[in-house]
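Student: The structure under discussion is supplied below as structure tokens; questions concerning it will follow.
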Amino acid sequence: MSICAIVAVDENWAIGNLGQLLVRIPEDLKLNFKVKTLGHPVIYGRKTMETFPGSHLLPGRENIILTRNPDLSIEGATIMHSVEEVLDYMAKKPDETFFVIGGEEIYTQFLPYYDTCYITKIHRSFEADAYFPNLDKLSDWTWTNREETIHSVTGVSFDIWTYTRI
């Protein structure tokens with residue numbers, strides 16, 4: 001079993017503001033996020049789901065939604081209520097790669113369990129109120145790959161970095 005984070009951060013490791021992404025980057029979503037996560041379970045919080053277009057589940061992936069609401073029911077989604085419950089579920093699928101996709105609280109709760117993080121580093125800073133842990137400042141992480149800079153139609157440029165736990 002492998003647990004990965006996949007996230008886009010700005011120069012300050014910010015990921016969101018007022019419940020929304022800092023910027024939608026179509027090239028990153030299509031060439032990175034979709035390619036890596038398609039066919040694999042994705043784990044995210046209810047608030048993150050509400051940021052998806054039409055609040056729809058992500059197609060082609062098992063959608064595991066982590067929520068404190070014991071009454072939440074979403075057709076087609078697997079609803080769980082704690083990190084421990086998710087970890088128990090993952091243990092039953094030892095050959096699977098799971099992707100944590102947000103938001104801030106969910107990313108932070110799973111930090112001790114990641115073996116790989118795919119970080120889209122946006123070459124800009126934004127006003128923000130949500131952050132991903134800065135892996136460059138954590139001694140148990142190192143970057144192992146950096147893809148070349150991509151320029152987006154949105155006017156931002158970015159690199160995709162792979163970090164692995166030491």
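Laboratory data are not the source of any read-out in this text; all were calculated from the coordinates shown. None of the values given here were measured: they were computed from a predicted structure. Positions of Cβ are backbone-derived with ideal geometry, glycine not excepted, and every protein chain shown enters the neighbour counts.
Student: May I ask you to evaluate 6.51 cos²θ - 1.76 cosθ + 1.60, the Karplus curve with θ = phi - 60°, for each residue of region 59-66 and list the ³J(HN,Hα) values in order in whole Hz, giving x for glycine and proline?
Tutor: x, x, 9, 6, 9, 9, 10, 9
Student: Which FRET efficiency value, to the nearest 0.05, do you get for residue 166 and residue 108 by plugging their Cβ-Cβ distance into 1/(1 + (r/R0)^6) with R0 = 22 Å? Walk me through the numbers before you get to the answer.
Tutor: On the way: r = 19 Å, r/R0 = 0.88.
After rounding, the FRET efficiency stands at 0.70.
Student: Shifting gears a bit: Using the Karplus curve 6.51 cos²θ - 1.76 cosθ + 1.60 with θ = phi - 60°, what ³J(HN,Hα) values do you get for each residue of region 27-39, in whole Hz, with x for Gly and Pro?
Tutor: Each residue of region 27-39 in turn: 5, 5, 4, 7, 8, 10, 4, 5, 4, 6, 8, 4, x Hz.
Student: Assign unit charges at the C-beta atoms only (+1 for Lys and Arg, -1 for Asp and Glu), then state the dipole size of the chain relative to its Cα centre in Debye, rounded to the nearest 20.
Tutor: Numbers: 15 positive and 23 negative charges, 50 e Å.
Dipole about the Cα centre, nearest 20: 240 debye.
Student: So what is the relative contact order of the chain, in percent, for Cα pairs below 8 Å that sit 6 or more residues apart?
Tutor: On the way: 313 pairs, mean separation 56.2, N = 166.
Relative contact order here is 34 percent.
Student: What FRET efficiency, computed as 1/(1 + (r/R0)^6) with R0 = 22 Å and r the Cβ-Cβ distance, is obtained for residue 157 and residue 51, rounded to the nearest 0.05? Working shown, then result.
Tutor: Details: r = 23 Å, r/R0 = 1.04.
Once rounded, the FRET efficiency stands at 0.45.
Student: What are the ³J(HN,Hα) couplings of region 78-83, residue after residue, when phi is run through the Karplus curve with 6.51, -1.76, 1.60 and θ = phi - 60°? Round to Hz, x for glycine and proline.
Tutor: 9, 9, 9, 10, 7, 4
Student: Give the peptides 51-60, 6-15 in descending order of average Cβ contacts within 10 Å, highest first. Please report the intermediate quantities before stating the final value.
Tutor: Details: 51-60: 11.3, 6-15: 19.9.
Top of the packing list down: 6-15, 51-60.
Student: Quick one: which residues, 5+ away or cross-chain, put their amide H under 5 Å from the amide H of residue 45? H built at 1.01 Å from N.
Tutor: Here the answer is 66, 102, 103, since their amide H atoms fall under 5 Å of that of residue 45.
Student: Between residue 125 and residue 36, what is the spin-label point distance in nm, taking each point 7 Å from the Cα along the Cα→C-beta axis?
Tutor: With each label placed 7 Å out from Cα toward Cβ, I get 2.4 nm.
Student: What is the local net charge at residue 106, summed over the other residues whose Cβ is closer than 15 Å to its Cβ (Lys, Arg +1; Asp, Glu -1)? The partial results should precede the final answer.
Tutor: Values: positive: 46, 47, 68; negative: 50, 84, 85, 104, 105.
Taking every Cβ under 15 Å from that of residue 106, the sum is -2.
Student: Starting from the Cα gyration tensor of region 1-158, take the square roots of the eigenvalues, sort them a ≥ b ≥ c, and report rounded, prolate or oblate (rounded when a/c is under 1.5, otherwise prolate if a/b is larger than b/c, else oblate). Each step should come with its number before you reach the end.
Tutor: Working: a/c = 1.57, a/b = 1.34, b/c = 1.17.
Taking the square roots of the gyration eigenvalues as a ≥ b ≥ c, region 1-158 is prolate.
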